[in-house]
Structures are given as C-alpha cells and as structure tokens.
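This report refers to the structure that appears directly beneath it.
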Amino acid sequence: MAEKVSILISEQEVADRIAAMAAQISEAYRDKDLHLICVLKGGTFFMTELSKHLSIPCSLDFMALSSYGDGTKSSGNVKIVKDLDESIEGKDVLVVEDIVDSGHTLNYLCRRLNERSPRSLKLCTLLDKPDRREVFVHVDYIGFQIPDAFVVGYGLDYQQKYRNLPFIGVVEL
Ligand code: 5GP
C-alpha cells in the first residue's frame, strides 16, 4: 500500500545544500585526513552525495545501529548492529547521519567512538529536529532544521519504503 507523501524539501534544495556543506567541510579539513563514517542505512544517500562534492581526499566506513524498529518512535535503547571495518585511532572522523531526532543515537555513538581515540570526532547530519531532543548532542554540520514531522526520502524510510525518493517528504499517516 502507498501512503501519501508531500514534499517538504525539494530535490534541488537538498542538492544545493549538500554541495554547500561539502564546500564548508572541504575547507575545514583541507590539511587533515578526513575519515567519513556513514550510519546505515539512512545516511547512505547523504554520504554518497556529500563525498562526491568534497574537493579533498577522504576514506569511508559504515556502521549500523538499531534504536527504532519499524515504528516511528525512538526507543532510546541503542546498540551497534554492524561495527566499523577499520580502526579510527588517530583519524579525523566525521560521522554522517540522516537525521537527529531525540539525540539518543548520536549521543551513544559519540561515546562509543570517543573510546577508540580518534584524533578528532565531529558530526554531520542532513536533517535536525531540535524540538524533539531528549539528550544533548553537539552537531557540527546541519543541512536543514525541520519541524516535528515524520519524514522520508533521501535515505529515510517508513517501514523500509521511500528511501529512494530524491526529495524529503512527509508521510501522512
Ligand atoms: P534519534 O536517536 O536521534 O531519536 O533518532 C535517530 C534515528 O531515528 C535516525 O537515524 C533515523 O533512522 C530515525 N528517525 C528519526 N526521525 C525520523 C524521521 O522523521 N523519519 C525517519 N524515516 N526516521 C527517523
């Protein structure tokens, strides 16, 4: 069954914003060895597009965390489902996430990654829902701040559907 999805942020707006973020990140990391960590599955589209626009070399790794299941509410109970392939010790790490909502996922991830002694650890998200925050998390690069609505597209799913939409949309549940 197909739910009704309305456009919140258009394909062009997403593309323009990611290109601008990539320029900012390229400048900030121009003398460093940038190591991007994509949070699966939602961060894949954002990480791919962002990395294509970087003007500096970077390495990539992937991690999967669980906190949500198929519903639309965070459990706050986060765990690592797929760990990184490579060590991050001494690296300049930038975590690439699709959306920060309650903050539990990135709060947990930062604590776990900091234990592995990266040279630096920063966070980047395409979307931020600040009104929903339950725990503090400092995000260094934010694409768009959005209101409290359940969004899909550009990697974000509803029951594993709609990740392939080229825009950010709101599902009418
Ligand atoms: P947090 O731990 O910050 O509450 O949630 C982070 C994760 O929850 C995101 O990586 C994403 O998988 C999921 N999430 C939070 N808000 C939304 C939303 O509006 N739409 C979708 N599809 N996933 C969301």
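Values in this text are rule-based calculations from the coordinates and carry no lab data. Just so you know, these numbers come straight off a predicted model, no measurement behind them. Note: ideal-geometry Cβ built from the backbone for every residue, glycine included; neighbour counts use all protein chains shown.
Before moving on, here are some points about what is shown:
- Label sites at residue 66 and residue 132, each approximated as a point 7 angstrom past Cα along Cα to Cβ, lie 2.0 nm apart.
- Spacing of the modelled spin labels on residue 33 and residue 86, each 7 Å from Cα toward Cβ, amounts to 0.8 nm.
- Extension gain for residue 24-residue 164 works out to 47.8 nm (0.36 nm per residue, less the C-alpha to C-alpha distance).
- Ranked by the mean number of other Cβ atoms within 10 Å of their residues, highest first, the peptides 12-18, 129-135 come out as 12-18, 129-135.
- Relative contact order, whole percent, for the stretch 29-131 stands at 30, derived from Cα pairs under 8 Å and 6 or more residues apart.
- Applying both filters, DSSP loop and at most 11 other Cβ atoms within 10 Å, to the chymotrypsin sites (Phe, Trp or Tyr not before Pro) of the stretch 65-173 gives 136.
- Calculated over the stretch 1-131, the projected area of the Cα convex hull averaged across directions stands at 9.0 nm².
- Inter-label distance, nm, simple model (7 Å from Cα along the C-beta direction), residue 142/residue 59: 3.1 nm
- Set of lysines with alpha-carbon distance to residue 82 below 29 Å, sequence-local pairs under 8 removed: 32, 41, 52, 73, 91, 122, 129, 161
- Partner aspartates and glutamates for residue 4 [C-alpha distance under 14 Å; skip if fewer than 8 residues away on the same chain]: 157, 172
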